[in-house]
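Okay, structure first, notes after.
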Amino acid sequence: MTPAQVEKNKNRYNNEILKNHLLLDKHQLAEFFGVSLKTISRWTKDGILPAPGRGFRQEKLWRSRDIKAIIDRMGAPV
């Protein structure tokens, strides 16, 4: 994730996705960042996104607070 991508998405920071969900799946993350599912997988593999946990059906899930923390580190306004 580049600073340009964070800047592009800074208005989405308070998006309903992050406000209303404690856990996010890869589809929600892709929608939030405006990227493909492949990009979410690559960012996870490259360590840009934290390793996901596993849900009830073994789906990959990320904590919204971890995503907020990444955005904060990248310099997006709160």
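Just so it is clear, none of the values below were taken in a lab; they were calculated from the coordinates. From a predicted model like this one, the values you see are computed outputs, not experimental measurements. Glycine gets a Cβ as well: all are built from the backbone with ideal geometry, and neighbour counts include every protein chain shown.
The table for this structure:
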item	result
Positive minus negative residues near Gln58 (Lys, Arg vs Asp, Glu; Cβ under 14 Å)	+2
Cut-off under 5 Å, modelled amide H: who pairs with Leu61 long-range	Gly53, Arg54, Gly55
